[in-house]
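The values are calculated or read from the model by the stated rules, or taken from the named source; none is laboratory data. Remember, predicted model here, so these are calculated numbers, not experimental data. All Cβ positions, even for glycine, are placed from backbone atoms using ideal geometry, and neighbour counts span all protein chains on display. Surface accessibility is based on the protein's heavy atoms, side chains included, excluding ligands, DNA and RNA. Shrake-Rupley method; radii C 1.70, N 1.55, O 1.52, S 1.80 Å.
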Amino acid sequence: MKKTAIDALIQVLISSLFYCLFTFLSSIILGDKGCVRISGVYYDNNTWQKNIELVNYTDNYCNDIFLKLPISAIIENENFISTLLIEVEQIKSQEYKLYKISNIQPKSSSVIIISFQNKNDLIQFTNLKEKKFSLEEQGKIESPRFKLFKQLLPNLILYVIFIFCTLLYNNNNNYKIQQKLDDIINEQENNDKKFKEKKSEIEMKVKNLQKKIFLIKKQLLDFSKENEFWRNTIRQLLYNGDKKNKQAEHIFEIVTNSLQTYTIKSKSNLDLNEILFLADELEKNNDK
């Protein structure tokens, strides 16, 4: 239980660390470097005017933001903003002028005032996305919650991609491990099958050998009985013809020397008993 809790805590800490890392990286890669706020149109000094606030979030100067204005529009405070550099681009057009705004100070905001002859004249920034600047116009300001969601969405997407890649990697590793495990199990099953077949083959050979031993045992018993019977019969016949028992023993001696069956004498019973004993033990072991 304790180990499970520790493992869960480690996973939570690792996930949190990666999420913070993704948040930091996405804020660097995908986050806004600044914003442009455009006020609503108002009437002053016999002209229609709008205020434009340029905000720089970074620690560096921001340059080359292009502002497109109608040909009749004028930047009222162009010569009074010492921190900004506003230049007119050389574009041949009878409808609009293009201004390049540079030298926006780090961690600060600057405001410029634009005058129009017509209330419906439009202000257009042409490269805010390229410069990673957001645009906020009066009447089109986004909900803070929606803006926060948009800011967190890239982090969430990166985090989901990371989790997906991690799961994909783990699943791939688990698949490989499972394959190796299946190969080991199949190999073990094949080995067990071969072992059982070999064992069955050996058991069959042992059974056949036991049968042969049993037959030999039976034959030995029969030979022993017949041998004893005929020895006793011959001995009885010889004894009846020779009361002194000399001729009978002499004949047995001649037969033994001629056939060289010396083990039939004093040690024959011991050898036979040993063979029978071994045969009985082998049968008992097989029954177990």
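Can you order the peptides 83-91, 32-40, 181-189 by their average number of other Cβ atoms within 10 Å per residue, highest first?
Details: 83-91: 11.9, 32-40: 16.6, 181-189: 10.0.
With the highest mean Cβ count within 10 Å placed first, the list reads 32-40, 83-91, 181-189.
For V111 and V160, the FRET efficiency from 1/(1 + (r/R0)^6), where r spans their Cβ atoms and R0 equals 41 Å, is about 0.55. Taking 7 Å steps out from each Cα toward its Cβ at N103 and K33 produces label points 1.8 nm apart.
If r is the Cβ-Cβ distance from E76 to L153 and R0 is 30 Å, what FRET efficiency results, to the nearest 0.05? For R0 = 30 Å, the calculated efficiency reads 0.20.
Overall, the accessible surface of the stretch 43-123 at a probe of 1.4 angstrom is composed of carbon and sulfur to the extent of 44 percent. Note on Y96 and N170: with the Förster distance fixed at 51 Å, the Cβ-Cβ geometry gives a FRET efficiency of about 0.35.
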